[in-house]
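Contents: one structure, followed by commentary.
The values are calculated or read from the model by the stated rules, or taken from the named source; none is laboratory data. If you're wondering where the values come from, they're calculated on a predicted model, not measured in any experiment. Positions of Cβ are backbone-derived with ideal geometry, glycine not excepted, and every protein chain shown enters the neighbour counts. For accessibility, only protein heavy atoms count, side chains too; no ligands or nucleic acids. Shrake-Rupley method; radii C 1.70, N 1.55, O 1.52, S 1.80 Å.
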Amino acid sequence: MNPDTATIAVPAPAFRLGRRWRQAVLVTHLVAGGAWIGIDVIVAVLVLTGRYGGDVEVRGLAYRALAAFVVWPMLTAGLLSLVTGLVLGVGTRYGLLRFWWVAVKLALNVVLCTLIVLLLRPGMDEVAAYGRDLPAGTADPATVSTLFFPPAVSLTTLAFATVLAVVKPWGRIRPRRGIG
């Protein structure tokens, strides 16, 4: 058989989401991704307010709010995005590991959720203490010196994942050759 004239066989998914279920899961996936981006924007605003806000009371409040309210909503949005992405991957023609763009989005999601749990969450008690100590003038700036990186990395990664979802580059991971 001539490889140039072979068609690529696309196996059917193990189960197929019906139209309405696919739409519902896709909307949930998009809303979760949008919420995650929105939460990251809030993180960036709180970090910038904490660092460059004029009033020391406002700066301290920004750090306390960051510590108290950001991690769990962000992780929830990330995990919801992960679960709905898995359902879409298994229940549609794209599959989980059939196309590069899907596999890369899956990997990015897992990495970001892991970073939230392993790197961001453990430091939040120190961020809250910094926010409490800031008005008194006893806060150590080294505690919050790296807080710029989480929203910068996450927003860049989520923007890249959004581009992947729209452009769908790179093709199949392993093209399957079929007859016909």
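Using C-alpha pairs below 8 Å separated by at least 6 residues, the relative contact order for the stretch 56-180 is 39 percent. Expressed as a whole percent, the accessible area of the chain that falls on carbon and sulfur atoms is 69 (1.4 Å probe). Under the combined filter of DSSP loop state and at most 12 neighbouring Cβ atoms within 10 Å, the stretch 81-172 retains these trypsin sites (Lys or Arg not before Pro): Arg93. Computed from backbone phi, the HN-Hα couplings of the stretch 18-33 come to x, 4, 5, 5, 4, 5, 5, 5, 5, 4, 4, 4, 5, 5, 4, x Hz, rounded to whole numbers (Karplus: 6.51 cos²θ - 1.76 cosθ + 1.60, θ = phi - 60°; Gly and Pro given as x). Quick check for you: which residues of the stretch 145-177 have the amide N under 19 Å from the point 7 Å beyond the Cα of Glu126 toward its beta carbon? Hits in the stretch 145-177 for Glu126 at 19 Å: 145-153.
Around the amide H of Phe99, modelled in the peptide plane, lie the amide H atoms of Ile173, all under 5 Å away and 5 or more residues distant in sequence or on another chain.
Using a Förster distance of 25 Å, how high is the FRET efficiency between Leu26 and Val167, based on the Cβ-Cβ distance and rounded to 0.05? Between Leu26 and Val167 the formula returns 0.90. Comparing Arg19, Arg121, Arg59 in a Gaussian network model of the chain (Cα springs below 10 Å), the most mobile by mean-square fluctuation is Arg19. Helix 100-115 and the long axis of the chain differ in direction by around 30°, with both axes built from C-alpha atoms. Among the listed values (i) -0.80, -1.01, -1.24; (ii) -0.82, -1.22, -1.60; (iii) -0.70, -1.02, -1.40, the one computed from these coordinates for log10 I(q)/I(0) by the Debye sum over Cα atoms at q = 0.14, 0.17, 0.20 Å⁻¹ is (i).
Each Lys or Arg adds one and each Asp or Glu takes one away; over the other residues whose Cβ falls under 13 Å from the Cβ of Arg132, this sums to -3.
Within the shell defined by Cβ-Cβ distances under 15 Å, the residues around Met74 carry a net charge of 0, with Lys and Arg each +1 and Asp and Glu each -1.
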